[in-house]
1. Distance between Cα centroids, segment 154-180 to segment 1-64: provide it in whole Å.
2. If R₀ is 51 angstrom, what is the calculated FRET efficiency for the pair A295 and K170, using the beta carbon separation as r and rounding to 0.05?
3. Nearest 0.05, what FRET efficiency do K124 and L261 give at R0 = 51 Å with Cβ-Cβ as r?
4. With +1 on each Lys and Arg Cβ and -1 on each Asp and Glu Cβ, how big is the dipole of the chain about its Cα centre, in debye rounded to the nearest 20?
5. Could you tell me which residue out of H253, I278, I76 lies farthest along the dipole of the chain toward its positive end? Charges go on the beta carbon: Lys and Arg +1, Asp and Glu -1, centred on the Cα centre.
6. Students often get this wrong, so check it: of K114/K283; K105/K170; K67/K182; K61/K205; K105/K220; K58/K182, which have C-alpha atoms separated by over 20 Å?
7. How do L171, L245 line up, fewest other C-beta atoms within 10 Å first?
8. On a 0 to 90° scale, report how tilted helix 117-126 is relative to the longest principal axis of the chain, with both axes built from alpha carbons and the result rounded to the nearest 10.
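Just so it is clear, none of the values below were taken in a lab; they were calculated from the coordinates. Predicted, not measured: the structure shown is a model, and the values here were computed from it. In this analysis, Cβ positions are derived from the backbone assuming ideal geometry, glycine residues included, and neighbour counts consider all displayed protein chains.
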Amino acid sequence: MIIKKDKKGSLMVYTVDKNFDDDKMKSLMNTFVKPSQIDFIIDHDADVYTVEGKLLLKFRKGVLPEKNIDLFYDNIIRHAMRETTNRGSTTGSKNKNIADNPKTKTNIFGFFDKWSPRQKFLFKKKNFKPAVNVRECRFNQDEPDKFAKTIPLILDIDHLYAKLTPQQYKLQRAKADKTHFKIKGTAFTTITTNINFQTTIHTDKGDDPDGFGNLVVIQKGHYSGAQTCFPQFGIGVDVRQSDILFMDVHQPHANLPFISLKPHAIRLSIVSYLRPSIISLTKHRTHKFFTKHNATLKRIKM
């Protein structure tokens, strides 16, 4: 619930308190957020703080250049449309077997610190043990030209991260600068894309606990819903084309249902983050090692 509002020029600053206690919040984890749980949707420049004074989110409208948005979309969309079953409980599934989970258009690129079942099978078949458990993702490995064309938008996100939440950015960038296994020139190791995906209430895992999360959306066609929500505080944010949201992803969050208003409408969400285990596994590795390791994995068709 919003308990205080202040206006600073065109920026609204809100203070929020919890609508219910942490025990109730715990019982709602991995369920879908309901519109009735959300009191207010933000669709304008805003900063939001908890009653304890902790930053919950910063939202800015229309700050990303359309040229770089289009470049990113045109080069990632084919990869982003691939269906996977690896999102587990964020889909609402309770299956322990990943293969039985609902299919979602969720994909990653950059670098990652886990092996797929297929990759583990290849390692065993070839009697191969990787030097570090970090890999270049298939998209940037197989399509380096397309990968390069996604970078301008990621640099835009990185720049706004440094500008809007400098304290968190400084801590994360210092970690990112310890490895070659990252998106060059940024504080990020990994990018996740989602298409028309409604997540259940969750907190992000595997990202930098000292950093701050972000969300960018590219929209094609007309849709409603899909707002990113913090149900315990009763607020949501309607992130649209060229907007950017920085948020505390360690607070429970989810998004409302995506409702297509025209055939084939697309909401492509982009999350850029740093995986700390990549840093711990590779921080003493040279660029020569980085190049050799990636080439070795490519040779065995990882």
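1. Measuring centre to centre over Cα atoms gives 23 Å.
2. Working: r = 33 Å, r/R0 = 0.65.
Calculated transfer efficiency: 0.95.
3. Values: r = 48 Å, r/R0 = 0.95.
Step by step, r from the Cβ atoms, then E = 0.60.
4. Numbers: 51 positive and 30 negative charges, 357 e Å.
The dipole of the chain has a size of about 1720 debye.
5. Toward the positive end, the furthest listed residue is I278.
6. Numbers: K114/K283 17 Å; K105/K170 32 Å; K67/K182 24 Å; K61/K205 27 Å; K105/K220 15 Å; K58/K182 25 Å.
Going by Cα-Cα distance, K105/K170; K67/K182; K61/K205; K58/K182 fall outside the 20 Å limit.
7. Working: L171 16, L245 20.
In order of increasing Cβ crowding within 10 Å: L171, L245.
8. On a 0 to 90 degree scale, this one is about 10.
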